[in-house]
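Please treat every number below as a calculation from the coordinates, not as lab data. All values reported here derive from a predicted model rather than from experimental measurement. Neighbour counts run over all protein chains shown; Cβ positions are idealised from the backbone, glycine included.
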Amino acid sequence: MGNMIKIHINGKPYRVEPGQTIMQAADKLGFHIPRLCYHPKLSIEGACRVCIVEVEGMRNYVASCAYPVSDGMKVRTNTKELRQARRDIIELILDNHPLDCHTCDRDSNCELQRLASSMGIKKRHFEGERKQYDMDISSPSVIRDPNKCILCGRCVRICSEVQKVYNLGHAYRGFKTVVMPAYNMPMAESVCTACGQCINVCPTAAFVEKNVTQELFTKLNDPSVIKVAQVAPSVRAAIGEAFGLAPGAALEQEMTAALKRLGFDYVFDTQFSADLTIMEEASEFLERIQGKGRLPMITSCSSAWMKCLEQFYPDLIENVSTCKSPMSMMGAMVKTYFADRIKKDPAKILSVAVMCCTAKKYEAQRPELMVNGMNATDMVVTTREIAWMIKSAGIDLLHIKPERFDEPLGLSSGAGTIFGATGGVMEAAIRTAYELYTGETLLDIEVEDLRGLKGIKEGKVVMDNKEIRVAVAHGLGNACDLLDIVRKDPARYHFIEIMGCPGGCVGGGGQPYAGINSIPLDEDCLKKRAEALYNLDRNKTIRRSHENPDIQRIYKEFLGRPLSATAHKLLHTHYKAKGPRGITPQVAIGMKG
Amino acid sequence: MAVRYQITLCDGPTCMHKRSKEIDAALERELASRGLSGKVDISLSGCLGMCAKGPIMIVNPGYTIYGGVSENDIPEIVEKHLVRKQPVSRLIIEEDHLYNRFFRVFGDVNFFGRQMRIALRNCGIIDPENLDDYLSVRGYEALAKVLSAMKPEDVIAEVKSSGLRGRGGAGFPTGLKWELTAREESEEKYVICNADEGDPGAFMDRSTIEGDPFSVLEGMIVGGYAVGAHKGIIYIRAEYPLAVKRLEKAIEASRNEGFLGTNILDSGFSFDIEIRLGAGAFVCGEETALIHSIEGHRGMPRPRPPYPSVQGLFDKPTLINNVETWANIPVIILDGAAWFSSIGTEKSKGTKVFAIAGKIKNTGLVEVPMGTTLRQIIFDIGGGIPNGKKFKAVQTGGPSGGCLPEAYLDTKIDYESLAQAGSIMGSGGMIVIDEDSCMVSIARFFLEFTQNESCGKCTPCREGTKRMLEILTRITEGKGAEGDIEKLERLGNMIKKASLCGLGQSAPNPVLSTIRHFRDEYEEHIKERKCRAHFCARLVRYEITDKCAGCAACRKVCPAGAISGIVKNRHEIDQAKCIKCGLCYKTCKFGAINKV
Amino acid sequence: METTKDIRAAELGEFMARCRTSPRPESHLIAILHKAQSLYGYLSNAVMDEVSEAMNIPAAHIWGVATFYHYFNLKPKGKHTIAVCLGTACYVKGAEEVLEAIKEELKIGMGETTQDGLFTLQEARCLGACGLAPVVMIDEKIYGGLTPKKAVDILKAYRKQR
Amino acid sequence: MVSPLDIVKKKRAEAISRIIGKGYLAPKRVYVGMATCEIAAGSKDVMEVFEKAVRQGLAGVYLSQKGCAGRCNLEPTVEVVEEGRIPVKYGKVTAEMAQQIVERHLKKGETIKDWVIK
């Protein structure tokens, strides 16, 4: 504390730590300087100029997000002139932005709208030529609307710095600058992994998911089809935020009840198929460590990660588990096992997945995941979409009478629950693999080393004197770092979990937007969502997948045993290298500017 | 007297102090008393750089330099030299380093007499593709001096006390920049020469490199030695192929002769230089954008700090100076900071190169001591405005600078005076504007340039300059509205203060300075729909005068059918129909159509 | 045709291989794009993909760089490139009228190529020939002291050459 | 020990003797401006005239290129430096004029006054 320096903000002296920016210091002192392009997880851009402040002795304003504090510095954050300049800047952005707030996906949840309102912008002074570009609706997951883009560059930075996909970049220059994939190619043909993190960080609606809510409403009203929903673990841990609750509320049964009221005939739990995944994956792993197949084995639950792998790490395809994702396993079971049980034509079943993820929309369309010529998953909606549908249908999620998931695909173990947080799949797999291998029950089942938001986590498990080395990465950027280690040292790990999004599925591209008091991908928020899942796990008596009675039943009645022929047909798949743009994301160059 | 003598008296600050004015008067008196008035040309010149030996008088033809001249010597000089054609040997000084060899050799007095060439000292003198030529004019001697007898801190001290400031525009003290880079501890450091000259109408750097690439290299090597760098990079526009070729040749020749590469001149110091091409982006003149461009990125600036001296190219400490700054270094080292700082004004030392263009007789490249007035450059060196037109304004600093009207012609060329007047020194573009040019259009031209060159990163520059340009376009098209000037000022001032880099921070200058000095022209455009220069096509009114012979040529050519009249009678233009295309004006053989 | 293509590809490949041996290969991107453009006349997506793979630089980054700098063409150019200098000196001396005349004569706008593939019209920043303003550069040759009529006459002469 | 200064002084002496070896001490020296601006104004054609003349045996002339001296509106420029005479600089020189300079000035010693920049 001896190193503190003194600065003045708006005429009052404060002691602050050196080595931080004016914005960081001001934040801690309770001065919220308006901002737009700044994001704490991303590099400093200094582009929007909304966070400008006056520093005594400087001829011009400085961007508080970039300018370091120094001893004796005198800062003003709220003078009349400064307020005017900031207002002019926001006005200039608005003057090159569509005036369609009331029909916009981000209406009432738009950072630009909030800033304009907070600055008291009532009149437009500088209207003139406005940009006009075509929307890119090619992708099943991510819609790009350059007209709404305000060029803050957060999407470019998250795509390159955090995800290391390098799909988005600034192209052209000046007034004609546009954020786009290489050669302005459609998102569907680009190296976009559909992770949706650009949507999460976008302050406006320049990136949104492909919204299918109207289509779903129509289908829910069709009496001739059987409407089946499955819900991913992370949806329940975040949906409350869309209804004004603080992060960390788990609304499992409320959400189930709401889905029923929306018109779903059956509501199943993706956590059930997560348990199923563990059965298959753990068995596959045991085969591999016994010499059948390549090590390390890498998980395959995350669809963004699978696309990343096919594009950038084709050499590691054989290392990836052949297991389908829990969503696709559930879809497969709905269209076979479940259809049999209710004695209905599977073609008459509408299989809908409610996911925290935008990439699942892409996954659902992958032809190799079809079951008997049918889509296993017919539609995917994100947490955001379902939250909107619930509100739109006039359902009071917070005061609804809770309901349980339906049988026979609704019961899950705690292992299935924690799939939603980074490290969860690995933890769940260890719980089962240990027992399958050693024949003994693993008692200490919470693997702290694998929890939390560290980019790459490592752990060890000893099974019958055999040391199993495992690693976990979340976010594609960390995944790439980890895979580069694997390329150099293939024997270093036996088992690797990879999730495409920061924090795992809880930080998925389809989760509720940050609210007024929070920022996208806030670490605290991610931790609380994960904690909600860990609490659900702790409160369960069944915490290991293989102990789930409905899992035991489905093997007995339908699948036989893990890795059986039926299981292989319905629950496993394959991946293939995608060309020709097979550039490894571990590139030589960052995307500056 | 068969020969017509030209006498040049130095009236630089030192010589003036040493009574050059009195000498001038004495000379006039003496000539008059001998009936020679009007038969000898007398001109005063800017500092000739021989202050210690002043007052200086040069007699041409013959190029005799007299030093330490006093009033008492005048009768003798007139009698012996001008009348009897025998130079006064006791006053002749041997001067090795006269900083205007053109003047010495060719006597092109009007143009070269007031100049003083330091950065351009070898341009037009040596063969730029021949290292021998450079060596013959004391080339690489400064480097040798540094390597023989000076420690890096001595070099920095010398540059600091010379008072040299960055010639790229902003005028940051060069020595301080060197010191800041030198004090960073790093194995890897870089020295960069910014040759991404992009101001429209400016070609100082191109001429310097094409005329004398070696001086730039020598400056950089000295800089590298001073700050502890071993690698230099010249970032130059791809549009300058000849300059690139000459640099390549100069680098190769210097390397072959041991002035570049490992163990330079057996001193143990190693330094090499590499050329990197730009690709057409004005913003890359901004140092952080330039660094990004060298790194292989889009040329987008980033916020400072960290400054390049701390974190520059490849995140290593980096020293960036522009071409002219580097070219000054060898002279400072050779002739010393004391001499260098005797030239110029209190805060701006040395000389500055300008590219003068526009409505001026002698377009060209000039180098003058700081403190020379705009009037001296435009009228004495530049020869004034051609075709008998009236001077209206001078634009300095290119798209980042401003326009100064006649009242400011006596402004001295130095960083502070120009800034105070509402313009900037800039990198050295100087455009002279006459009465035929419309100030609103000039402002619009510059803004269109910067708007087009905006990198698009920060909001004020990207969006704000676009809106300013739209307003200006509106005004020049006769669609200006009440309040437009205020909007321009509001946006302009905000963009200046809030933009990320120098390009945005200076983009509004041409507009704000023309509003400041020519507000009435803006108001005329807006309120009276009038352009006094008849430049804005939409605001011109064509009228047929009495000179009309009724040939009907205009009527036939008018695409709008706005002209009516009977053959051999005066025709008339229906202003309501006129689309102001100007075809009638161009067609009329009788000069009977006026622009009003 | 195929063989010239191969020769160019090989030359570009060699150039990139040399860049890869330098301490910071990726920093040579702009030089590589210059090289590619000098070989192919413009930067096609396929060429940029090639650079991307050879240098391990994301295509989006290359695209961003190629679109940022005026010097790079993303479309094939005409046989002759007309660069109209719009520097200040030329502007003051009537470059805009010259430009308009050229546009009208060729029926194309800035940055476009005539249908017959003969001319591409470009804007140039100062060409450094201010004393001759207004100037136009056709390929490597500079024409100074132009009027709209002179400019059009020059274009007509080029047409005849063909 | 030889200091860098000594090395440079030696190199300069060598350079000067090389320049002299190339005929610098000839009675007439001709410098043609060859910067981009000069070339744009036509100095390449001018240079060719002089080069051709030298090739064809014009004696006593040392020909060299030089950079731009800044006289833009008078380019291309040609300078003739002559022993014992005031050097002259010709402006706006064309190939035809260059030929005249060869014939009249370089061969016959006549300064073509009308073309000299004053």
**OP:** Would you work out which of B:6, B:493, B:157 lies farthest towards the positive end of the dipole of chain B? Charges go on Cβ: Lys and Arg +1, Asp and Glu -1.
**Re:** B:493
Subject >> Inter-label distance, nm, simple model (7 Å from Cα along the C-beta direction), residue A:449/residue A:315 >> reply: 2.7 nm
Subject >> 16 Å Cα-Cα reach of residue B:547 towards lysines, excluding residues that sit fewer than 8 places from it in its own chain >> reply: B:568, B:586, B:589, B:595
Subject >> Candidate lysines - alpha carbon under 18 Å from residue A:401, same-chain residues fewer than 8 apart omitted >> reply: A:260, A:391
Original post:
With the dipole of the protein assembly as shown worked out from charges on the C-beta (+1 for Lys and Arg, -1 for Asp and Glu) around the Cα centre, which of D:74, A:271, D:16 lies farthest toward the positive end?
Top reply: D:74
Original post:
What is the calculated FRET efficiency for residue A:213 to residue A:404, with r their C-beta to C-beta distance and R₀ = 25 Å, to the nearest 0.05?
Top reply: 0.50
**OP:** Determine the equivalent ellipsoid of region B:540-595 by diagonalising the alpha-carbon gyration tensor, then write out the semi-axes as square roots of 5 times the eigenvalues, largest first, rounded to whole Å.
**Re:** 15, 12, 10
Original post:
Counting pairs of Cα atoms in the protein assembly as shown, how many percent are more than 53 Å apart?
Top reply: 39 percent
Original post:
FRET efficiency for residue B:188 and residue A:481, Cβ-Cβ distance as r, R0 = 25 Å, nearest 0.05?
Top reply: 0.50
Original post:
What is the order of B:334, B:374, fewest Cβ neighbours within 10 Å to most?
Top reply: B:334, B:374
Original post:
Based on DSSP H runs of at least 4 residues, each adding -39500 (n - 2.57), what is the mean residue ellipticity at 222 nm of the protein assembly as shown after dividing by all its residues, to the nearest 500 deg cm²/dmol?
Top reply: -10500 deg cm²/dmol
**OP:** Quick one: give the max-minus-min coordinate of the C-alpha atoms of region B:131-338 along each principal axis, largest first, in Å.
**Re:** 41, 36, 31
Original post:
List the aspartates and glutamates whose alpha-carbon lies under 15 Å from that of residue D:52, not counting same-chain residues fewer than 8 positions away?
Top reply: D:96, D:103
**OP:** Quantify how much of the Cα-Cα distance distribution of region A:123-207 extends past 21 Å, in percent.
**Re:** 24 percent
Original post:
When the convex hull of the C-alpha atoms of chain B is computed, what volume per residue in Å³ does it have?
Top reply: 176 Å³
**OP:** From zero up to wherever the largest Cα-Cα distance of region A:303-460 sits, split into 5 Å bins and tell me the percent of pairs in each.
**Re:** 1, 7, 12, 15, 18, 18, 14, 9, 4, 1, 0
Subject >> For residues of B:489-500, the mean tally of beta carbons on other chains within 10 Å >> reply: 6
Original post:
For chain C, what is the charge dipole size about the Cα centre, in debye to the nearest 20, if Lys and Arg each add +1 at the Cβ and Asp and Glu each add -1 at the Cβ?
Top reply: 440 debye
Original post:
How much space per residue, in cubic angstrom, does the convex hull of the C-alpha atoms of region C:2-68 take up?
Top reply: 74 Å³
Original post:
If you look for lysine pairs in region B:439-528 that are eight or more places apart or on different chains, how many of them have Cα atoms under 25 Å apart?
Top reply: 14
Original post:
Summing +1 for each Lys or Arg and -1 for each Asp or Glu, what net charge is found among the other residues whose Cβ lies under 15 Å from the Cβ of residue A:510?
Top reply: +2
Original post:
Counting only Cα, what are the radius of gyration and maximum Cα-Cα distance Dmax of region B:439-528, in Å?
Top reply: 12.0, 38
**OP:** Please turn the phi angles of region D:31-37 into ³J(HN,Hα) values with the Karplus equation 6.51 cos²θ - 1.76 cosθ + 1.60 (θ = phi - 60°), one per residue in order, whole Hz, x for glycine and proline.
**Re:** 10, 10, x, 9, 9, 3, 5
Subject >> Antiparallel content of DSSP bridges confined to the protein assembly as shown, in %, to 5 >> reply: 55 percent
Original post:
Over region D:25-115, with a single point scatterer placed on each C-alpha, what log10 of the ratio I(q)/I(0) does the Debye formula yield at q = 0.11, 0.13, 0.22, 0.25 1/Å?
Top reply: -0.25, -0.36, -1.07, -1.38
Subject >> P(r) of chain C over all Cα-Cα pairs, binned every 10 Å from zero, in whole percent >> reply: 10, 33, 27, 21, 9, 0
Original post:
chain A: D in µm²/s via Stokes-Einstein (Kirkwood Rh, Cα pairs, 10 °C, 1.306 mPa s)?
Top reply: 63 µm²/s
**OP:** Could you work out how far helix C:2-20 tilts from the main Cα principal axis of chain C, as a 0 to 90 degree angle to the nearest 10?
**Re:** 70 degrees
**OP:** Find how many whole Å separate the alpha carbon centroid of region D:1-37 from the alpha carbon centroid of region C:77-109.
**Re:** 44 Å
Subject >> Cβ-based charge dipole, region C:2-68, positive-most Cα from C:59, C:44, C:27 >> reply: C:27
**OP:** Would you mind checking the pairs C:77/C:141; C:156/D:44; B:151/D:10 and listing those with alpha carbons more than 19 angstrom apart?
**Re:** C:156/D:44; B:151/D:10
Original post:
Helix A:252-262 versus the longest principal axis of chain A: what angle, 0 to 90°, nearest 10, using Cα atoms?
Top reply: 90 degrees
Original post:
So how do A:416-428, B:301-313, A:22-34 stack up, highest first, on mean other-Cβ count within 10 Å?
Top reply: A:416-428, B:301-313, A:22-34
Original post:
If contacts are Cα pairs under 8 angstrom and at least 6 residues apart, what is the relative contact order of region A:308-423 in percent?
Top reply: 22 percent
**OP:** Can you tell me the 0 to 90 degree angle between the C-alpha axis of helix A:80-94 and the longest principal axis of chain A, rounded to 10?
**Re:** 50 degrees
Subject >> Peptide ranges A:555-566, A:279-290, A:204-215 listed from the most packed, as the mean C-beta count within 10 angstrom indicates >> reply: A:279-290, A:204-215, A:555-566
Subject >> Neighbourhood charge, 15 Å Cβ-Cβ cut-off, centred on residue B:510 and excluding it, Lys, Arg +1 and Asp, Glu -1 >> reply: 0
Subject >> For A:82-91, mean number of other protein chain Cβ atoms within 10 Å >> reply: 4
**OP:** Return the Rg/Rh value of region A:5-78, two decimal places, where both radii are evaluated on C-alpha atoms and Rh is the Kirkwood radius.
**Re:** 0.93
**OP:** Find the all-direction average of the projected area of the Cα convex hull for region D:11-53, expressing the result in square nanometres with one decimal place.
**Re:** 4.0 nm²
Original post:
Can you put A:463, B:439 in order, fewest other beta carbons within 10 Å first?
Top reply: A:463, B:439
Subject >> 22 Å tail of the calculated P(r), region B:378-460, as % of Cα pairs >> reply: 30 percent
Original post:
In units of 2.2 N^0.38 Å, what is the alpha-carbon radius of gyration of region C:80-161?
Top reply: 0.97
**OP:** Please average, across the residues of A:47-54, the number of beta carbons from any other chain that are within 10 Å of each residue's own beta carbon, and give a whole number.
**Re:** 5
Subject >> Ranked list, fewest to most other Cβ atoms within 10 Å of each Cβ, for B:284, B:15, B:558 >> reply: B:558, B:15, B:284
Original post:
Using alpha carbon centroids, what distance separates region B:409-443 and region B:502-530, in Å?
Top reply: 13 Å
Original post:
Quick one: if the Förster radius is 35 Å, what FRET efficiency do residue B:248 and residue A:43 give, using the C-beta to C-beta distance and rounding to 0.05?
Top reply: 0.45
**OP:** Beta carbons within 10 angstrom, averaged per residue: use that to sort the peptides A:46-56, A:352-362, A:175-185, B:583-593, highest first.
**Re:** A:352-362, A:46-56, A:175-185, B:583-593
Subject >> Distance (nanometres) between label positions extended 7 Å along Cα→Cβ at residue C:9 and residue A:438 >> reply: 5.7 nm
